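The structure appears below as structure tokens.
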Amino acid sequence: QAFFKSIMNAAPSSPTKRHNKISVVGAGNVGMAIAQTILTQDLTDELALVDAIPEKLRGEMLDLQHAAAFLPRTKIHASTDYAVTAGSDLCIVTAGARQINGESRLNLLQRNVTLFQKIIPPLVGHSPDTILLIVSNPVDVLSYVAWKLSGFPSNRVIGSGTNLDSSRFRFLIADHLDVNAQDVQAFIVGEHGDSSVALWSSISVGGVPVLSFLEKQEIAYEREMLEKIHKEVIQGAYEVISLKGYTSWAIGYSVANLARSILRNQRRVHPVSVLAKGFYGIDGGEVFLSLPAQLGRGGVLGVTNVHLTEEESQRLRDSANTILEVQNQLAI
Ligand code: 6V0
């Protein structure tokens, strides 16, 4: 017997609203921060979690389900079997091996490549039309690996890249100028990591280019101060990890922000890791790194043609070469 008596002629469900499904692979600190931000922001109708550890996975699923009375209605599933992800519109990969004491970064990366060989084929097999959003580190190389393993067109493989670095950058600039970070337009591009490139020439605050803004406010423009802010961005992740053991909240918001732009077809510009070959003179090989890209329901809709100074372009090409050097040593 149905709980509600049916109302004659009532439509079973609204035909105008499209059903969305997001899957998150890796229910660790990062995956769960992403999952909880997606839930609180009402970004999906269905959320599937996958991890290799069944007890932890079930515990995380139950813990989220128990918040149902306080959240928008979302069906939450979890399984170690990728069948649970079938028909996803967006698959977010955060699974990663942890560095063993004394292990080289290259060895860790090779272990993550082996992990991706187990994850990507079943994931895309169950959702052949999905968009892949890679978060696991090193995110640029692993986005390339995911692209190769998936066989997808490059517009459907995105790395979270420097979206988070750029958010840290905007926070620090906003803090320095005592303005709202949402009014600061600023991009970090290139590698998500030590060789990232701060695009000082295109920063604006409330529509005013930042360098002239600083002049107008009679705040002395010091190159060292700007470089110091960029160094703080690079150090940011290391500092959080040394203090609390991992990063989670900012990457959770950062990835939920990307999920919103993609699934709601917002056509917003985000610095994310995309196939960069052919842009800004990057021609050394197939490499994923962050560029300001427009995101929507089709994934990467285009790359913005930002004006870079010669120094910025050179740094970007150096960043591409840094990633390629690592990539070329991998067995995929
Ligand atoms: P974590 O807490 O160790 O979580 C990793 C999870 O992956 C664990 O729950 C594992 O059980 C799971 N896992 C391992 N193997 C598999 C597998 N074969 N299938 C499914 N799940 C598996 O790590 P944490 O969540 O802190 O970090 C995850 C990844 O995100 C790491 O690679 C980080 O370096 C990376 N980050 C990337 C950021 C970015 O800006 N791109 C930011 C923060 C962290």
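Brief remarks follow.
- Proximal aspartates and glutamates to Lys277, defined as alpha-carbon separation beneath 20 angstrom and excluding residues fewer than eight positions away on the same chain: Asp140, Glu191, Glu286, Glu310, Glu311, Glu312, Asp318, Glu325
- Charge sum, other residues only, whose C-beta stays under 13 Å from Arg297's C-beta, Lys/Arg counted +1 and Asp/Glu -1: +4
- Seen against the Cα atoms of the chain and their longest principal axis, helix 310-327 is set at about 50 degrees.
- Overall Cα dimensions of segment 238-332 - principal axes, largest extent first, Å: 36, 34, 33
- Cβ-Cβ FRET estimate between Glu227 and Asn328, R0 fixed at 30 Å, reported to 0.05: 0.50
- Rg to Rh quotient for segment 161-206, alpha carbon positions, Kirkwood Rh: 0.96
- Pairwise FRET efficiency - Tyr246 versus Val208, Cβ, R0 = 35 Å, nearest 0.05: 0.40
- Per-q log10 I(q)/I(0), segment 1-141, q = 0.11 Å⁻¹ (Debye; single scatterer per alpha-carbon; no solvent): -0.47
- In nm, spacing of pseudo-spin labels at Ile53 and Ser104 (7 Å Cα→C-beta vector): 2.9
- Ratio Rg/Rh, restricted to segment 275-325 and using Cα atoms, in which Rh is the Kirkwood radius: 0.98
- Compared with the direct C-alpha span, the chain from Asp318 to Gln41 gains 96.0 nm at full extension, assuming 0.36 nm per residue.
- Set of segment 78-96 residues, backbone N closer than 18 Å to the point 7 Å along the Cα-Cβ line of Ala68: 78-79
- log10 of Debye I(q)/I(0), alpha-carbon scatterers only, for segment 84-215 at 0.14 Å⁻¹: -0.74
- The chain - convex hull of the alpha-carbon atoms, volume per residue in Å³: 165
- Shape of segment 77-128, Cα gyration tensor, a/c cut at 1.5: prolate
- Full-stretch length increase - Ser201, Asp129 - with 0.36 nm per residue and alpha-carbon distance subtracted: 22.1 nm
- This model, with +1 at the C-beta of Lys and Arg and -1 at the C-beta of Asp and Glu, gives the chain a dipole about its Cα centre of some 1320 debye.
- Kirkwood Rh in Å, taken over all unlike Cα pairs in segment 231-272: 11.8
- Only Lys, Arg, Asp and Glu carry charge here, each on its Cβ (+1 for the first two, -1 for the last two); on that basis segment 1-130 has a dipole of about 60 debye about its Cα centre.
- Nitroxide proxy distance, nm - points 7 Å out along Cα→Cβ at Asp175 and Arg18: 3.9
- Of all lysines in the structure, the ones whose alpha carbon falls short of 25 Å from that of Lys75, not counting any fewer than 8 places away in one chain, are Lys5, Lys17, Lys21, Lys56.
- Positive dipole terminus of the chain, leading residue within Ala331, Pro54, Gly87 (C-beta point charges): Gly87
- When each of the peptides 150-157, 29-36, 73-80 is scored by how many other beta carbons lie within 10 Å of its residues on average, the order from highest to lowest is 29-36, 150-157, 73-80.
- Taking the charge dipole of the chain about its Cα centre, with +1 at Lys and Arg Cβ atoms and -1 at Asp and Glu Cβ atoms, the residue from Ser319, Ser261, Ala68 reaching farthest to the positive side is Ala68.
All of the numbers you see were taken from the coordinates with simple rules; none came from a lab. Treat the numbers as computed from the prediction; the structure is a model and nothing was measured. Backbone-built Cβ (ideal geometry, glycine too); neighbour counts: all protein chains shown.
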